[in-house]
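Below is one structure, written out as structure tokens; comments come after it.
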Amino acid sequence: MNGRRSTGRPRSSTCANGLKQVKADHGAAAIGLLASPHSTLEELALAGALVRGLGSQNIDARLRHADFSNTAPTGAARWLGLPIASLSTLQRVLVIGSNLRKDHPLFAQRIRQAQRKGAQVNVLNAVAQDWAMPVKNTVLADSGLWVSALAGIAAAIGAETGAATPVSGEATDAHRAVAKSLLGGEQKAILLGNAAAHHAKAASLLALANWIAQQTGATVGYLSEAANTVGAQLVNAVPGQGGLNAGQMLVGQLKAAILLNTEPAQDTAVGATGLAAAGMVVTLSPFKTNLDVSDVLLPIAPFTETSGSFVNAEGRLQGFHAVVRPLGDTRPAWKVLRVLGNLLDLPGFDADSSQAVLAAALPGVSNGAVVDAARLSNASSAAIDTSPAEVAPCVASIYQLDGLVRRSTALQLTADARTAQALEGAAA
């Protein structure tokens, strides 16, 4: 991997002193932290403890989101909505806003197995894509019109069942075909992809998906973009009461910003330009990055060089150990955050192992177990807005999702990566 930071001691004291000064000059609400959802549970838990210990509620790992109202209840998380193994036994499925084969190849393989047994696969997307499986019905619509398209499917279901729809919609033949498919079979799921999760009207999409699921007997779930999308929510790597979300933090509302495993120029819907207004930007990364905006770089180990854990899309805790020692003077991010907490005299930063951090962050959940079902929720009471969305969802291809894969020479030589690079070049 090119760009690794392998020399120099972490400048934790400089960072701690700077945060104290910003808090003294501007108040704790001027401090915020943006974290990659590819970070470990332990890193995310201590990142949240650090920010909240300073008196701020500004922390967010939903970097590519546009609709920040679409949140699970406090302490709960949006999730797949069913066990991963159940994808193989579905009889009907509607996938919304996903290039399933490329975004989620392992889930795609399970759905492909279900299709070979007779499952009907339905799609709502902006463009037609090759998923290497027969698709029963496809509704193509500009992403800005997805809520209206889903309302059309709901209208078709309402016409069949007599149920009153939550919003008015105009059903086309394509909508009626999807409705007929979902009204048949027994094991069914409505799956929202990355573009649906990052959509400007994500809450409306989820509310309509829930209504359709109630009428057809389907489950509703998110395919989840990152390794720890679910885990980040469970350890509250989201803003607390009155806290700024990622979009707000990135447009210049911070005086001090901490960037954990993230490169805002590539990982966010807004970009990094708004961070220029911050008087202090601290980057915790395995790489020499964010040099145009950062005042302090704290070298940390990637996940391969530290123990840690993730919570996958079905809510299962998955722990792992380091496969090699950290390079040079780098340290696991949870240790760097622990040192920062100690330098700032914050409580709760005395754990001597990642396991101890995990036990405090996710008590009672053993490795390999699924978290309490009460903490997994795709329920929504949002009002449904069928007006067109003004911005397209911010999505990244599978080999552009985070700093690690973006620096893999082998992955960047693949056809998928070259296509993504060409599209980025054309957009620029």
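The values are calculated or read from the model by the stated rules, or taken from the named source; none is laboratory data. Not measured: the values here are computed from a predicted model. Note that we place each Cβ from the backbone using ideal geometry, even for glycine, and neighbour counts take in every protein chain shown. Just so you know, the surface numbers come from the protein's heavy atoms only, side chains and all, with ligands and any DNA or RNA stripped out. Shrake-Rupley method; radii C 1.70, N 1.55, O 1.52, S 1.80 Å.
Accessible surface comparison of ILE300, ILE384, probe 1.4 Å, protein chains only, largest first: the order is ILE384, ILE300. Note on the stretch 169-311: with charges restricted to the Cβ of Lys and Arg (+1) and Asp and Glu (-1), its dipole about the Cα centre is near 300 debye.
Shape of the stretch 296-373 from its Cα gyration tensor (a ≥ b ≥ c, root eigenvalues): rounded if a/c is under 1.5, otherwise prolate when a/b > b/c, or oblate? Here the stretch 296-373 falls in the oblate category. Charges were assigned to the Cβ only: +1 to each Lys and Arg, -1 to each Asp and Glu. The resulting dipole of the stretch 239-384 about its Cα centre is roughly 80 debye. Shown are HIS65, HIS321, HIS26, HIS198, whose ranking by accessible area with a 1.4 Å probe and every protein chain present, most to least, is HIS321, HIS26, HIS65, HIS198. Legend: Rg and Dmax of the stretch 352-417, from Cα coordinates, 19.8, 52 Å.
Of interest is the spacing of the C-alpha centroids, which for the stretch 335-397 and the stretch 136-212 amounts to 30 Å.
Over 25 Å apart: what share of the alpha carbon pairs of the stretch 146-272 falls there, rounded to a whole percent? In whole percent, the share of Cα-Cα pairs in the stretch 146-272 beyond 25 Å is 40. Note on the chain: dipole from Cβ charges, positive end direction compared against THR71, LEU183, GLN241; the farthest Cα belongs to LEU183. Overall, the chain carries a charge dipole of about 760 debye about its Cα centre when +1 sits on the Cβ of Lys and Arg and -1 on the Cβ of Asp and Glu, all other atoms neutral. Computed from Cα atoms, the angle from the helix 415-427 axis to the main principal axis of the chain rounds to 80 degrees. Summary: within the chain, the longest segment free of GluC sites (Glu not before Pro) located in DSSP loops with at most 13 other C-beta atoms within 10 Å is 187-389. The long axis of helix 146-161 is offset from the longest Cα principal axis of the chain by roughly 40 degrees. Compute the acute angle (0 to 90°) between the alpha-carbon long axis of helix 12-26 and the principal axis of greatest extent of the alpha-carbon atoms of the chain; round to the nearest 10°. The two axes meet at around 80 degrees.
Largest first, the residues ARG418, ARG325 sort by 1.4 Å accessible area into ARG325, ARG418. Taking the chain as a Gaussian network of alpha-carbon nodes connected by springs under 10 Å, the highest mean-square fluctuation of the residues GLY319, GLY308, GLY247 belongs to GLY319. Sequence-distant contacts, meaning Cα pairs under 8 Å at least 6 residues apart, place the relative contact order of the stretch 31-163 at 16 percent. The mean sequence distance of close C-alpha pairs (under 8 Å, at least 6 residues apart), as a share of the length of the stretch 207-364, puts its relative contact order at 17 percent.
Viscosity 1.306 mPa s, temperature 10 °C: give me the Stokes-Einstein translational D for the stretch 297-428 in µm²/s, with Rh taken as the Kirkwood radius over C-alpha pairs. Once the numbers are plugged in, D ends up at 84 µm²/s. Across the stretch 285-324, C-alpha contacts under 8 Å between residues 6 or more apart give a mean separation that, scaled by the residue count, equals a relative contact order of 33 percent. Note on the chain: Cα-only Rg and Dmax are 21.9, 69 Å.
In this calculation the C-beta distance from VAL323 to LYS180 is compared with R0 = 41 Å, giving a FRET efficiency of 0.25.
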